[in-house]
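Following: one structure in structure tokens, then a few remarks.
The values are calculated or read from the model by the stated rules, or taken from the named source; none is laboratory data. Quick caveat, the model's predicted, so the values are computed rather than measured. Ideal geometry is used to build each Cβ from the backbone, glycine not excepted, and the neighbour counts take in all protein chains shown. Keep in mind that these areas ignore ligands, DNA and RNA; they rest on the heavy atoms of the full protein, side chains included. Shrake-Rupley method; radii C 1.70, N 1.55, O 1.52, S 1.80 Å.
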Amino acid sequence: MDVVLIRGDGIGKEICESVIRVSEALNCNVSFLECEAGSEYYEKSGKLMEDGLLEKIQDCGLALKGPTATPIGTGFRSINVYLRQRFNTYANVRPLRSMKGVKTRFEDVDLVVIRENSEDLYKGVEYMYDENTAHGIKIITREASERIIRFAFDYARKNGRKKVTCVHKANIMKLTDGLFLDVFKKVSSEYPEIESDSVIIDALCMKLVSDPCAFDVLVAPNLYGDIISDLCAGLVGGLGFAPSVNIGDEVKIYEAVHGSAPDIAGKDIANPSAILMSFADLLKDNGEKKKGELLRKVIEDMIAEGKCVTADIGGTASTSAFTDALIERIRHEDL
Ligand code: NAI
């Protein structure tokens, strides 16, 4: 299968190199079509992404994306947000599971955050009302709410999950979040075998850090989904262990949740696990199930053993040493 590979910015180059090497070792049916995009590409070319990139993603239907940097406050808009809107990848799925060998407060977290990806405050409808007042418009539609909520219940059904929780703030945003919650209640009645409930976003944050095992699948509008998925990543050991996929009807874009980590870029010390786990999910979902599962298992075994892990989880291994060790393990597996 053809997969568009965007290395992106900062540590993206290093962690995507790890993916390419691991893919070769797995001998899987993947041809990477490399394309450039991001702020480093912008600096050298004056363009945010290479010509033809969008067409290639459209043709392949599959992309693996390293992190791309976005300036804060001013400058160009996020490439991630642009790609999500351009390809209408309306569902962002982030499975977050505790891993042996990664010290965290809780040992048995197993959550999936399903974030609506196409609207809410991320529509980018902002303007200056007057010199001292900025307005941002929160857009919630019945259509997009129903699509993501149905997606969450279908995901739960397909993956043997027991409960879907709706995240909202409908006590205050009675129209926008009220609509989201209302749609949730209607759709949930079509899935009687799956438990459903709802929780206000602030209460959820408190419960997640005190009893994360009370939750299973969380479905949320864009902004809350963005925030809680990083919170949940913290529960399982940080951003180095959080894979994700943006799903539309025609295109799937896999990526790590973390950013370009400019503070450690170019030092060969980044943890490539999250992008490798995203790649494992890409394989699993797209015809290479056995190799995807094997890759995930090999990463988990290596981390559980703890002998060759990166600095973010207390090890001393470089990105390339971690990758070498992973490849060595893959060579001993039955492909
Ligand atoms: P960040 O995720 O890049 O870094 C936060 C902290 O986590 C840093 O200390 C970093 O060193 C560490 N970290 C992140 N990934 C790591 C890894 N794989 N291994 C070891 N340590 C890791 O978040 P930050 O600093 O807020 O954002 C930096 C840039 O990344 C910004 O320009 C932001 O817009 C962009 N970004 C891009 C994303 C994407 O393309 N999906 C997602 C989040 C941020």
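The table below lists the values:
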{"quantity": "Number of the exception - Ser278 against (1) over 24 Å from Tyr41 (Cα atoms); (2) assigned to a helix (DSSP H, G or I)", "calculated": "(1)"}
{"quantity": "Among (1) more than 15 Å from the ligand (Cβ to nearest atom); (2) out of contact with any strand residue (DSSP E or B) (no Cβ under 7 Å at 6 or more places or on another chain) - the single one Val219 does not satisfy", "calculated": "(2)"}
{"quantity": "Extreme residue, nearest to Ala325 (Cα to Cα), among residues of segment 282-294 that are open to solvent by 10 Å² or more (accessible area, probe 1.4 Å), touching a residue at least 60 places away in the same chain (Cβ under 8 Å) and in a helix (DSSP H, G or I)", "calculated": "Leu294"}
{"quantity": "Condition check for Tyr191: hydroxyl-bearing (Ser, Thr, Tyr), open to solvent by less than 20 Å² (accessible area, probe 1.4 Å) and more than 23 Å from Asp120 (Cβ to Cβ)", "calculated": "yes"}
{"quantity": "Options Lys297, Lys267; residue that is without any contact (Cβ under 8 Å) to a residue 40 or more places away in the chain, in the same structural domain as Arg84 (by TED's automatic domain parsing) and in a loop (DSSP other than H, G, I, E, B)", "calculated": "Lys267"}
{"quantity": "Qualifying residues in segment 9-21 (those that are in contact with a Gly (Cβ under 9 Å, 6 or more places away or on another chain) and open to solvent by 10 Å² or more (accessible area, probe 1.4 Å)) - the one farthest from the ligand (Cβ to nearest atom)", "calculated": "Lys13"}
{"quantity": "Residue match in segment 77-93 (condition: more than 29 Å from Asp154 (Cα to Cα), part of a loop (DSSP other than H, G, I, E, B), more than 14 Å from the ligand (Cβ to nearest atom) and open to solvent by less than 60 Å² (accessible area, probe 1.4 Å))", "calculated": "no"}
{"quantity": "Hits in segment 41-82 - residues which are of a type in the set (D, E, K, R) and within 23 Å of Phe279 (Cα to Cα)", "calculated": "Glu50, Glu55, Lys56, Asp59, Lys65"}
{"quantity": "Residue satisfying all of: in segment 311-335; at pLDDT 95 or above and assigned to a loop (DSSP other than H, G, I, E, B); surrounded by the most Cβ atoms within 10 Å (Cβ to Cβ) among these", "calculated": "Ala317"}
{"quantity": "Segment 248-265, residues that are touching a helix residue (DSSP H, G or I) at 6+ places or on another chain (Cβ under 9 Å) and more than 6 Å from the ligand (Cβ to nearest atom)", "calculated": "Gly248, Glu250, Val251, Lys252, Ile253, Tyr254, Ala256, Val257, Ala265"}
{"quantity": "Subset of segment 22-48 (residues that are within 16 Å of the ligand (Cβ to nearest atom) and touching a Leu at 6+ places or on another chain (Cβ under 9 Å))", "calculated": "Val22, Cys35, Glu36, Ala37, Gly38, Ser39, Tyr41, Tyr42"}
{"quantity": "1 or more residues among the polar types (S, T, N, Q): qualifying strands (runs of 3 or more DSSP E) within segment 1-71", "calculated": "31-35"}
{"quantity": "Residues being free of Cβ contacts under 8 Å to residues at least 40 places away in the same chain and either open to solvent by less than 20 Å² (accessible area, probe 1.4 Å) or charged (D, E, K, R) (or both) - total across segment 209-242", "calculated": "2"}
